[in-house]
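Just so it is clear, none of the values below were taken in a lab; they were calculated from the coordinates. Computed from a predicted structure; not experimentally measured. Virtual Cβ from ideal backbone geometry, glycine too; neighbours counted across all protein chains shown.
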Amino acid sequence: MQAATSDHAASRKLLTEVEHPRLGRLGLPEQPLHFDGLARGAARRAPDLGADGAEILSRLLGIEPDEVRRLVETGVI
């Protein structure tokens, strides 16, 4: 933790703070290499477990949104 909070890490902007609904503010690591013309600070937290499930079932498997809702309501997923 000392390395992540050091003056050197701060000057290189190696951590980006994001807000998490349950954990509060988190420092997420950035790409340590800096590339000219590419913005930094786009890090975001991982989605909650299952947060993308309906989209995956609909988009990748072709299951209609109403069917996904029914599966969730009946406890299948």
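Give me, ordered by chain and number, the residues 5 or more places off residue 77 or on other chains with an amide H under 5 Å from its own placed amide H.
HN-HN under 5 Å from residue 77: 72.
What do you get for trypsin sites (Lys or Arg not before Pro) in the chain restricted to DSSP loop and a cutoff of at most 12 other Cβ within 10 Å of the site's Cβ?
13, 22, 44, 45
Note down the nm distance, to one decimal, between modelled labels 7 Å out along Cα→Cβ at residue 33 and at residue 67.
Here the answer is 4.3 nm between the modelled labels.
As a check on your grasp of the helix formula, calculate [θ] at 222 nm for the chain: sum -39500 (n - 2.57) over DSSP H runs of n ≥ 4, divide by the residue count, round to the nearest 500.
Value at 222 nm, helices only: -4500 deg cm²/dmol.
Could you give the length gained by full extension between residue 58 and residue 46, i.e. 0.36 nm per residue of separation minus their alpha carbon distance, to one decimal place?
Stretched fully, the residue 58-residue 46 segment lengthens by 2.3 nm.
Quick check on the chain: what does the Kirkwood estimate of hydrodynamic radius come out to from the alpha carbon pairs, in Å?
Across the chain, the inverse of the average 1/r is 15.7 Å.
Go through the stretch 48-60 residue by residue and turn each phi into a ³J(HN,Hα) via Karplus (6.51, -1.76, 1.60, θ = phi - 60°); whole Hz please, and just put x for glycine and proline.
5, 4, x, 4, 9, x, 5, 5, 5, 4, 6, 6, 8
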